[in-house]
Amino acid sequence: MSGKLPYKSIEYFFMSLNGKSIDLLRWMKSNLFSSSLNTLLTIISLWIIYVSVPPFIQWALLDANWVGSSRDDCSREGACWVYIGFWFKQIMYGRYPETEVWRVNVSYILLVGALIPLFISGFKHKGLLTLFLLFVYPIISYFLFIGDSFGLPLVETSLWGGLFLTLVISLVGIVASLPIGIMLALGRRSSMPIVSAISIGFIEIWRGVPLITVLFMSSVMFPLFLPEGMNFDKLIRALVGVMLFSAAYIAEVVRGGLQAVPKGQIEAAEALGMSYWNTMGLIVMPQALKMVIPGIVNSFIALFKDTTLVLTIGLFDLLGTIQIIGTNADWLGFHIEGYVFTAFIFWTFCFGMSRYSMHLEKKLHTGH
Amino acid sequence: MSEQVDVQPNIEQSISNDPMIKLNGVHKWFGDFHVLKDINLTVNRGERIVICGPSGSGKSTLIRCINHLEEHQHGQIFVEGTELTGDLKHVEQIRREVGMVFQQFNLFPHLTILDNLTLAPIWVRKLPKKEAEELAMKYLERVKIPEQANKYPGQLSGGQQQRVAIARSLCMNPKIMLFDEPTSALDPEMIKEVLDAMIELAHEGMTMLCVTHEMGFAKTVANRVIFMDEGQIIEEKEPIEFFNNPQNDRTKLFLSQILAH
Ligand SMILES: Nc1ncnc2c1ncn2[C@@H]1O[C@H](COP(=O)(O)OP(=O)(O)O)[C@@H](O)[C@H]1O
Ligand SMILES: [Mg+2]
């Protein structure tokens, strides 16, 4: 009986309110205050929001300093976004030479410009554009970023950094790990014993090792096995590591989807005389991938965040750059701003991916 | 009923003594389980054969061996003179000539009806898209659902889906059609529309092998009815003989059960 008391009193409280808000009240009653446990949880949640959100807004927005060029422009009552503004170039591009930064921007513009039509439903040449994005764009970007040809000065990969490096590693990882993962998943289910054994071995080895170990191996151990004088770029080694690591996870996600496609689908395709690759590419994969979109996007989000581990092998991605500038003697004491900003950027990208996956699921649903 | 009487004689003419399918002493095992035992069967051009028998007797396995969805382990299977071995070239060649309709329709749920029909003509027969679409519309009209072309399979009734499945097979211009209980998964009111499509096909002289328990269909269109039990062909007769004068006790028992309701 006593358990019902808070519920009752809330009801009285609602009844005393103006009749207009009755719908809202009904909603709240059935969703937030439907039982004494729910009421308790609602109150606790509200309390947590009350103690955390307003002070954060106060700090991050209301009391914050936005303009200026040195630490003296910050009152220190709120966040010092001047700090982020001051280091913005480094955070975005690392040590990429300032005079060459336009090359990165051109590549960004190209990417966004090519992506936008893909989201417009009436656009005719989506296939061509996708081919461009997958095969032509990376080559253009490669030459833009590295230079050393077409009259562009060389920019060593050791100078790449910041968000730019994070995007390079994660985009290459995402774009390359999906096809590799698909091939591994098909290989694992192959009826040819050697193919399936190799696929299983590969997947299990990469899944069983932490990414940080993979990165260490790629940068410390791998060069030991190479002949004297032969040296692969550190970034390329990291890229290959991230790519294969992610591919092993994708492979398992995709395999789940493959198993969920009814056998009758393959039989129907085979009965029409379709080859193995046509059957897989046109019938099985589209259905399998559609089912595992959430799992694939989950892997991509994990990959995106895991790129921060490249810091351990001396590559300075977004987080790495933030940590470096945090040690600058003129700007000591602004770690929180740095981390909040990093978190915000990571969150924006990951949230974007998550929303896109939901959109894709809805769009591809054909009612069955 | 009168239609059936008209139809029977002129279908009869189109049968020639030209074996399209020939099975010689075919055996098949699933592990230790002997599912097909010494199957001998010849199907001539234009012949329509109905296969019936109790569940688990190996009917599906038999017709699935003919387009190599199942592999036989002993004996020989010839389709249009080509022997079915493990050779993938032969298998794909034969599958192009042999259409199959499944109990569960097996339409491709992620593609529209039109795409379901044009997929194999485009990718296997290498037809231009436009031609494939014209072909698809022609066959959709024949199964009387051209207006569904841009829907997805999930939006169609079972009977409509099965008619689409028939049209999909026909788009490959097959010489032989295999049906594996095409009406068993359908609600009673939809069985007729599918049977009608099959009867029409029979009129046109298609060589057909149908696993079905629709005895009315067997009487109307079959040249021969085959009764299978425990992996063997027990009895093989013209429909009138088969229904009026079954010899084997197992056939009699089966018929009494089937015709009881
Ligand atoms: N892939 C398979 N593996 C093992 N046993 C099977 C397989 N397919 C069918 N069988 C068995 O073979 C027998 C014949 O099956 P089937 O040809 O489907 O019979 P029917 O179509 O006459 O009902 C059944 O006992 C079935 O359980
Ligand atoms: Mg069966």
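The values are calculated or read from the model by the stated rules, or taken from the named source; none is laboratory data. Computed from a prediction, not measured in an experiment: that's the story for all the values here. With ideal geometry, Cβ positions are generated from the backbone for all residues, glycine too; neighbour counts draw on all protein chains shown. What goes into the accessible areas is simple: the full protein's heavy atoms, side chains included, and nothing from ligands, DNA or RNA. Shrake-Rupley method; radii C 1.70, N 1.55, O 1.52, S 1.80 Å.
Structure above, values below:
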quantity: Two-decimal ratio, the range A:27-109, of alpha-carbon radius of gyration to 2.2 N^0.38 Å; calculated: 1.85
quantity: Longest to shortest principal axis, alpha-carbon extents of the protein assembly as shown, angstrom; calculated: 107, 82, 48
quantity: Compactness of the range A:14-157 - radius of gyration and Dmax, Cα, Å; calculated: 26.2, 77
quantity: The range A:33-128: relative contact order as a whole-number percent, Cα under 8 Å and 6+ apart; calculated: 14
quantity: Subset of A:Lys126/B:Lys130; A:Lys263/A:Lys363; B:Lys28/B:Lys192; A:Lys363/B:Lys130; B:Lys144/B:Lys252; A:Lys124/B:Lys175 violating a 28 Å alpha-carbon distance limit; calculated: B:Lys28/B:Lys192; B:Lys144/B:Lys252; A:Lys124/B:Lys175
quantity: Spatially proximal lysines relative to A:Lys29 (Cα-Cα < 16 Å; intrachain offsets below 8 disregarded); calculated: A:Lys4, A:Lys8, A:Lys20
quantity: Distance in nm between pseudo-label sites at B:Ala185 and B:Glu241 (7 Å out along the Cβ direction from Cα); calculated: 3.5
quantity: Residue among A:Thr39, A:Thr321, A:Thr307 with the largest mean-square fluctuation in a Gaussian network model of chain A, springs linking Cα atoms under 10 Å; calculated: A:Thr39
quantity: Partnerless Cys - the protein assembly as shown, beta-carbon criterion under 4.7 Å; calculated: A:Cys350, B:Cys52, B:Cys65, B:Cys171, B:Cys210
quantity: J(HN,Hα) series, the range A:323-332, from Karplus relation 6.51 cos²θ - 1.76 cosθ + 1.60, nearest Hz, glycine and proline x; calculated: 5, 5, 5, x, 9, 5, 4, 6, 10, 5
quantity: √(5λ) per eigenvalue of the Cα gyration tensor, the range A:293-368, largest first, Å; calculated: 35, 13, 6
quantity: Rounded Å value of the spacing that divides the Cα centres of the range A:96-113 and the range B:131-162; calculated: 50
quantity: Angstrom value of the Kirkwood radius, inverse mean 1/r, which spans all Cα pairs in chain A; calculated: 24.9
quantity: Nearest-10 value in Å² for the accessible area of B:Arg142, using the 1.4 Å probe; calculated: 70
quantity: Total accessible surface hidden between A and B, rounded to 100 Å², 1.4 Å probe; calculated: 1900
quantity: For the range A:217-368, the Rg and Dmax computed from alpha carbons only, in angstrom; calculated: 21.6, 73
quantity: Globularity index of the range B:192-247, i.e. its alpha-carbon radius of gyration over 2.2 N^0.38 Å; calculated: 1.17
quantity: Rounded to the nearest 20 debye, dipole of the protein assembly as shown from Cβ charges on Lys, Arg, Asp, Glu; calculated: 1160
quantity: Table column - 3J(HN,Hα) (Hz), the range A:115-124, Karplus curve with 6.51, -1.76, 1.60, x for Gly and Pro; calculated: 6, 3, x, 5, 8, 8, 5, x, 5, 7
quantity: Rule-of-thumb Rg ratio for chain B [Cα; 2.2 N^0.38 Å; N residues]; calculated: 0.99
quantity: Loop chymotrypsin sites (Phe, Trp or Tyr not before Pro), the range B:91-152, which have at most 13 other Cβ atoms in a 10 Å radius of their Cβ (DSSP); calculated: none
quantity: Aspartates and glutamates with Cα under 17 Å of A:Lys290, excluding same-chain neighbours fewer than 8 positions away; calculated: A:Glu252, A:Glu361
quantity: Scattering profile of the range B:48-178 at q = 0.09, 0.10, 0.11, 0.15 Å⁻¹ [log10 I(q)/I(0), Debye over alpha-carbon scatterers]; calculated: -0.29, -0.36, -0.43, -0.77
